[in-house]
Amino acid sequence: MPPSREIAIEVAVAMPVHGTFTYCVPEDLARLASTGTRVLVPFGRRRATGYVLGPAPPSDRADIKLIMDVLDERPVFPGAMIPFLRWTADYYKHPIGQVIETALPSGLTVSESAVFSATAAGRAAMGDATASTRERRVLEVLAGDGLRTRALHARLGRDFSEAVVSSLVRRGWVSREAGLRGGRAKILKQYRVRARDGEHEKQRLSAQKRRILDALADAGDLAVRELNDRVPRAAAHLRALEQSGHVEVYSRRIYRDPFGEPIVPDVAPRLTAEQETVGAAVAAALGKGFHAFLLNGVTGSGKTEVYLQAAACVMQAGRSVLVLVPEIALITQIERFFRARFGDCVAVLHSGLSEGERYDQWSRILQGEARIAIGARSAVFAPLADIGLIIVDEEHDASYKQEGGLHYSARDLAVVRARQSVCPALLGSATPSLQSAFNVRIGKYTELKLTCRVEARPLPGIRVVDLRQCKDLRGPGRFISGELRQAMDETLSRGEQALLFLNRRGFASFPVCAACGSPLRCRNCDISLTLHQSANAYQCHYCGYSRPATAACETCGSDKIKRLGLGTEKVEEAVRALFPQARIARMDRDTTQRKGAIVGILKRLRAGEIDILVGTQMVAKGHDFPGITLVGILCADLSLSFPDFRAGEHTFQLLAQVAGRAGRGEQPGRVILQTYNPEHFSIRTARDQDYEAFYGQEIEFRRALGYPPVTRLVQLRISARDPRQAKAGAESLGRQCRALQAADPGFTRAVTVLGPAAAALARIAGFHRWQILLKSPDTGPLHRFVERLLAEHPGSFNSRRVRVVVDVDPVFMM
């Protein structure tokens, strides 16, 4: 039992360990260590960040450790979120401390790591003949400031050796000390000045000081910077004025502004009859408990206005609203709509913000200053209180699934959070995911439909062009058919805008040696490199490896490289040659990395300063481009060939979504869809904009093969740098899965084990990859199977050499 004056608390540690831990709080810190605060705790031989979850269960242990410090003056997440965080950790089989770390703004976690530096004896030994060349190199690097292991590794390159560093530590030539790292996100404070009340003698003051007091008398109070602008060099006199009692200098927290330009307020437009019906159904459910809606509305049908009016009802009731969008590119558009309607009570959360901006937005939500939170998938963890509605726009989008770290689906977690908040969830899409459409069929969700565009605008007509007729052409004619080129001519002559879509960035996606036929491949991945002409380099889209564009073939040494394949850079170059007078822009990951680049492109497009926009899937998702009347889909087949059971679904959704960018203004739109496979049912149903026909055929395929949504999946991903270790680890885990399956009749009946098998992309970033699929018609037995596997074979999941990741409800199957 802890001493009577010490309080025992339950702490989740930001480390890869399951479960929570009990710590004691010294009496002098007890007032600060409240639920939702961060604490610094001893953990093994190091210190780490912990998150207080509340009082600890009673314990008879006498060796409970004390926390070392409390890192926050007030909680960084509300206690009401803890059941949601626990559910997330349990469902996705992930340590709860790392779940909370993922939920919080980056830059808050503090941890301990080793810092190495050369001692006085080590600096003297740099000329010692007994020191090896490698040891002297380490001492030279550490003679200056101390370095952490990763920085030391980066500086030494191939000369780095843990054994050499450890040897130098034992000899006393290098010191190894524990240092704290992290905690980069800080509160931003502004220093302000105001005049003190009361009579103060001003006649004896200098003219400069009197001018300062006159400025404060006029303004009330000013930021120090503003005061300096009014009275040059005022800051130099403030300490003396403060000491004499004439002024008070104080600090105030300010928030970094992530929004940019102000937004003009708008007025809610008149709804269509369909919008009124749908809005009434959502409004009737508000305040009456959990209900999941699927808003199935064609492109341009006004789903966003339904969101806005439902949010207005929630705000009038004094509750808060969470809005999720799949990508940062869409946040700028929907954020503008919400700010125009609701003003300053809107906050945004996404990875495009700086650490400070994200921390500020999180704090505004936490303190109740912003009651509407808009963001990408991580915003599902926004610290909103009293949520009255959760909206998931473009719910079908695969971007809602996090790959890496905590493998969560923000869409699915949004529904869970709505259930725990006892409020409705509204999922919207023109091309619903098969999972959500299936949930409608089995009664989990209620479907709401918008079948017509606003203002009775027609859906664009879609014309399919068979690219097999163009295969013998040379130059741009291979990917810009005569029909598409003519349509672009006509569109530009009318002063309208065109969108060309190709879901592949770069210039040439398949560079091949003309001498020996070998492709230029990534050294770290089993994938060919892509030429990026703007960077003058061949790059890998998986690990970032690059080679100069002048690089020769690694197989035969020839410098004659044929730049085969297609990407948005090549399309942009071809379009500039075909239409030299047109104003052309490209929107893909390469052109939008700089902060504000996405907003800049969208603003130019909206202002009519772009005639032709070339883009990847970034342009396909929910954007409203009223001036675009022509969409050209250059190759509709790219995603059909992926070894993924969802390939047909993704293709249909992408084609239907990008087609929906046409004709959203006053002029009707049309779509030219180019394909090598016009007979494929995903292409045909996208052409006909017939979701029901697509769903009917696709769900039968899933039933026949036993894939989601009729079953549930867990993927075990095994990877190692050594291919033999990766294979051995996968085979060992496979045997453990089958032994567990055979030992329990319930698992024998309910759980299917597929694999192990090499992943479709067998090597990424130097790791050789295998996978095992666990499949069951029911979530319960499947999750119990994984829990037993984790409990009975912890060594298989905690090996240093072989990494095993548990991905519940996987999306990336490659």
Potential extension, Val224-Asp159 segment - 0.36 nm per residue separation minus Cα distance: 18.3 nm
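Calculated FRET efficiency, Arg738 and Ile699, Cβ-Cβ r, R0 22 Å, to nearest 0.05? Write out the running numbers ahead of the final one.
Working: r = 30 Å, r/R0 = 1.36.
Once rounded, the FRET efficiency stands at 0.15.
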Prolate/oblate/rounded label for the range 554-658 (Cα gyration tensor, a/c 1.5): oblate
Partnerless cysteines, meaning none of the other Cys C-beta atoms lie under 4.7 Å away, in the chain: Cys24, Cys313, Cys345, Cys423, Cys452, Cys470, Cys543, Cys635, Cys737
Accessible solvent surface per residue of the chain, calculated while the other protein chains remain in place, 1.4 angstrom probe, Å²: 45
Square roots of five times the Cα gyration tensor eigenvalues for the chain, Å: 45, 39, 33
Low-density loop cleavage sites - trypsin sites (Lys or Arg not before Pro) in the range 56-86, where at most 16 other Cβ are within 10 Å (DSSP): Arg61, Lys65
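How many percent of the accessible area of the range 257-405 is carbon or sulfur, using a 1.4 Å probe?
On the range 257-405, the fraction of accessible area on carbon and sulfur atoms equals 54 percent.
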Intensity falloff of the range 693-772 expressed as log10 I(q)/I(0), Debye formula with alpha-carbon point scatterers, at q = 0.22 Å⁻¹: -0.97
Three-way shape label, the range 435-522, alpha-carbon gyration tensor, a/c 1.5: oblate
Inter-probe distance in nm under a simple model that places probes 7 Å from Cα toward Cβ, at Ala340 and Glu177: 5.7
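Of the DSSP beta bridges with both residues in the chain, give the percent that are antiparallel, rounding to the nearest 5.
60
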Arg74-Ala514 FRET efficiency (beta carbon distance; Förster radius 51 Å; 0.05 resolution): 0.20
Under 17 Å from Lys288, Cα to Cα: lysines that are on another chain or at least 8 residues apart: Lys444
Inter-label distance, nm, simple model (7 Å from Cα along the C-beta direction), Arg606/Leu578: 2.9
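Rounded, prolate or oblate: which one fits the range 285-419, using the alpha carbon gyration tensor with axes a ≥ b ≥ c (rounded when a/c is under 1.5, else prolate when a/b beats b/c, else oblate)?
Rounded shape, in that the Cα axes give a/c under 1.5.
Compare the peptides 681-688, 781-788 by average per-residue count of other Cβ atoms within 10 angstrom and give them in order, highest first.
681-688, 781-788
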Extension reserve of the Lys595-Arg194 stretch, reckoned as 0.36 nm per residue once the Cα distance is removed: 140.7 nm
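Given Cβ point charges of +1 (Lys, Arg) and -1 (Asp, Glu) and nothing else, what value in debye, to the nearest 20, does the dipole of the chain about its Cα centre take?
It works out to roughly 1940 debye.
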D_trans [Stokes-Einstein, Kirkwood Rh over alpha-carbon pairs] for the range 350-509, 4 °C, 1.567 mPa s, µm² s⁻¹: 64
J(HN,Hα) series, the range 770-782, from Karplus relation 6.51 cos²θ - 1.76 cosθ + 1.60, nearest Hz, glycine and proline x: 10, 8, 10, 10, 10, 9, 7, x, 10, 5, x, x, 5
Whole-percent carbon and sulfur share, accessible surface of the range 579-708, 1.4 Å: 50
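If I take R0 = 35 Å and measure r between the Cβ atoms of Ala791 and Ala62 in this structure, what FRET efficiency does the formula 1/(1 + (r/R0)^6) give, to the nearest 0.05?
The computed FRET efficiency comes out at 0.80.
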Rg over Rh [alpha-carbon atoms, Kirkwood Rh] for the range 652-806: 1.14
Nitroxide proxy distance, nm - points 7 Å out along Cα→Cβ at Ser166 and Asp90: 4.1
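Where in the range 468-524 are there GluC sites (Glu not before Pro) that are in a DSSP coil and have at most 14 other Cβ atoms within 10 angstrom of their Cβ?
Of the GluC sites (Glu not before Pro), not one in the loops of the range 468-524 has a Cβ with at most 14 other Cβ atoms within 10 Å.
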Separation between Cα centres of the range 452-500 and the range 607-673, rounded to whole Å: 11
Label point 7 Å beyond Cα of Arg123 along Cβ direction - residues of the range 139-155 with amide nitrogen under 11 Å: 143-145
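At 1.4 Å probe size, with the rest of the protein present, what percent of the exposed accessible area of the range 459-555 is carbon and sulfur atoms?
The nonpolar share, carbon plus sulfur, comes to 44 percent.
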Gain upon complete extension [Ala552, Glu276; 0.36 nm per residue less C-alpha separation]: 93.0 nm
18 Å cut-off, amide nitrogen to a point 7 angstrom out along Phe681 Cα→Cβ, residues in the range 703-720: 703-711
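The values are calculated or read from the model by the stated rules, or taken from the named source; none is laboratory data. Not measured: the values here are computed from a predicted model. Every residue, glycine as well, gets a Cβ built from its backbone with ideal geometry; the counts of neighbours run over all protein chains shown. Quick note on the areas: whole protein, heavy atoms, side chains included, nothing else; ligands and nucleic acids left out. Shrake-Rupley method; radii C 1.70, N 1.55, O 1.52, S 1.80 Å.
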